[in-house]
Amino acid sequence: MGYRNFELIFDHVGHFGRFQIMIYFICAFQNIACGIHYLASVFLVLTPDHTCKPPGNVSRVLFQNFSHWRLEDTWSLVPLGPKDHIIVQLQDGEIWELSMCNRMKRENMSSLNYEYSGSKTKYSCMDGYIYDQRKWKSTVVTEWNLVCDRKWFAALVQPLFMVGVLIGAAVFGYISDRLGRRVVLWSTSAGIFLFGIASAFASDYYSFMVARFFLAMAASGYLVVVFVYVMEFVGMKFRMWASIQLHSFFAIGTMVVALTGYSVRIWWLYQMILSTVTVPFILCCWMLPETPFWLLSGGKYKEAQQIVDMMAEWNGKSSCKLSELFSLDLTEPVGDSSPPRIKMNSIYYLFYDCNVATRTLIVWMIWFTGSLGFYSLSLNSLNLGGNEYLNLFLLGAVEIPAYIFVCIGMNRVGRKAVLAFSLFFSALSCGVIMVIPQSFQMRRVVATMAAKFAIGAVFGIIYLYTAELYPTIVRSLAVGSGSMVCRLASILAPFFVYLSSQWIFLPQLLVGITSFISGVLALHLPETRGKPLVMTWEEAAKLESENDESSSKLPSTTSNIAL
């Protein structure tokens, strides 16, 4: 079953006809939902200004030189810092000093002055907290009082989500290669909707975290498999643009989060609205067939022929006989008698020999670098100042031109060159950020967005490049394992940003070093531009040797390597 014959299927039925366009936009729309849930926690765990709740009704409030009758009016004055406190006088005459995480009762109730040197008794915030509701009426933090000694509960929301993403990438990548792409797309999409709604109606913090964990697994599983699914339905002529621009829909999800956060300021309503974005895909996913690539790799020749015939009919083309292309016996029973190689789709097959093991380790390093840079720079970008909703919107928008750059560059100079350039440019941008004085804020913002642009380009390349570097039998597993390594970096990224309190440029230094090392390693990967997808490692080795021989005889042009 030759690898070149697979691409000949698209020459017969069309590389990107009406059938592929329908499938592509159905799958791409669901990417918006995935992008939404990956970034939704930005506003879910927003911690507003807060102070201890007094043990009674307030008759008068004093903050520095300002006096009010309502405690809620204090937020419109100077923001309450960790060392500040508010003086309140209760209706029974008691005077209390309220701070963010504790409250003190003044023993002398004769005067209401901000400065006080008399005796005081310290109490915990046993009556709860009062939150600034000018921006958000409620968040996960205000719902379950995740502040002060419980603030680490809020800090765990995003890292635990990424742990679910990590596990989902590994589990569903494996299931996809074993049971098929379509089963995973259906099950994960249903999970995204159900667990998204469940997290909105969670009655306590722990059920919220459990629902978010399974939501992360489902969203990660979909993202891993949908890239492989789309690539196996689109011919080589359009495969690059189709797969790369799937990332643009993920970026649209980030912009939807910003717009929804700006419009809806109640966390559970915000979460529920975002979860309904996946409904149109659920209504249409029954139309998605299994890919002929996977069917043929599993020996299901009759089913593969039916899909090819349907593609040809939709695209207005003449179908082809797989039995003639591959010399197959379509009457042989399939059942459980899969080809021997189908049993080898385990993680060990990514280390098939020394060369394959080296390739896998390099690819994993690039995945790690892309994720570390993406989340580290994203977290810093949200702290650029000004309108946080506009900042997040622009954070998603800046990725779209990066993916266009990737498509144009890879089409002209190849995958390896653009990947290496993006990694080196990311390292250079991080270095520039470190030498710009902090007083030049605008220049630092521009340099940060340049680094984000470069890292976005790396993410745009690595999904497609990984899928092209590995054969069909482990393609989903390869992308899934890369995504798993990627999530390790996404879990670590918030801690690196936290360490910036020790040295402000530490995140940029780490991203710059890993980007430079990954750029050097990327130069050792084989080029895949213009090469067809292969079934096994043996076919991949044969294809590389054929291209090496042809490149020594002919100029390296697109026409030389096109099918």
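The values are calculated or read from the model by the stated rules, or taken from the named source; none is laboratory data. Model, not experiment: these values are computed from the prediction. Counting neighbours? That spans all protein chains shown, and the Cβs are built from the backbone with ideal geometry, glycine included. Heads up: the accessible areas ignore ligands, DNA and RNA and are worked out on the full protein's heavy atoms, side chains in. Shrake-Rupley method; radii C 1.70, N 1.55, O 1.52, S 1.80 Å.
If only residues of segment 21-33 that are in contact with a Gly (Cβ under 9 Å, 6 or more places away or on another chain) and surrounded by 23 or more Cβ atoms within 10 Å (Cβ to Cβ) are counted, the one that is farthest from Thr139 (Cα to Cα) is Asn31. Filtered by the rule that a residue be in contact with a Leu (Cβ under 7 Å, 6 or more places away or on another chain) and surrounded by fewer than 22 Cβ atoms within 10 Å (Cβ to Cβ), segment 34-53 gives Val42, Asp49. From the list Ser439, Ser429, the lone residue that is over 28 Å from Tyr222 (Cβ atoms) and either in contact with a strand residue (DSSP E or B) (Cβ under 7 Å, 6 or more places away or on another chain) or outside any helix (DSSP H, G or I) (or both) is Ser439.
Every residue, every condition in (1) among the acidic types (Asp, Glu); (2) in a helix (DSSP H, G or I); (3) within 19 Å of Met236 (Cα to Cα); (4) at pLDDT 75 or above, yes or no:
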position	(1), (2), (3), (4)
Gly512	no, yes, no, yes
Ser515	no, yes, no, yes
His524	no, no, no, yes
Gly530	no, no, yes, no
Glu546	yes, yes, yes, no
Ser550	no, yes, no, no
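Among the criteria (1) without any contact (Cβ under 8 Å) to a residue 40 or more places away in the chain; (2) closer than 20 Å to Leu477 by Cα, the one Ala198 does not fulfil is (2).
For segment 476-499, check the following and say yes or no: at least one residue is crowded, with 18+ Cβ neighbours inside 10 Å, at pLDDT below 85 and in a loop (DSSP other than H, G, I, E, B). No, the conditions are met nowhere in segment 476-499.
Annotation note: of Arg178, Arg103, the sole residue that is in contact with a strand residue (DSSP E or B) (Cβ under 9 Å, 6 or more places away or on another chain) and surrounded by 15 or more Cβ atoms within 10 Å (Cβ to Cβ) is Arg103.
Among residues belonging to segment 304-323 that are polar (S, T, N, Q) and part of a loop (DSSP other than H, G, I, E, B), point out the one that is least open to solvent (accessible area, probe 1.4 Å). Write out each step before concluding.
Filtering segment 304-323 down to residues polar (S, T, N, Q) leaves 305-306, 315, 318-319, 323.
Adding the requirement that they be part of a loop (DSSP other than H, G, I, E, B) leaves 318-319.
Details: Ser318: 82, Ser319: 51 Å².
Among residues in segment 304-323 that are polar (S, T, N, Q) and part of a loop (DSSP other than H, G, I, E, B), the one least open to solvent (accessible area, probe 1.4 Å) is Ser319.
Can you name the helices (runs of 4 or more DSSP H) wholly within segment 95-183 that have at least 3 residues being of a type in the set (D, E, K, R) and touching a residue at least 60 places away in the same chain (Cβ under 8 Å)? Reasoning before the result, please.
Details: elements: 140-143, 151-155, 157-179.
Ranges flagged: none.
Those helices (runs of 4 or more DSSP H) of segment 196-303 in which 3 or more residues are surrounded by 23 or more Cβ atoms within 10 Å (Cβ to Cβ) and not aliphatic (A, V, I, L, M) occupy 205-231, 246-263, 267-275, 292-297. Among the residues of segment 445-468, the ones that are open to solvent by 10 Å² or more (accessible area, probe 1.4 Å) and among the polar types (S, T, N, Q) come to 1 in all.
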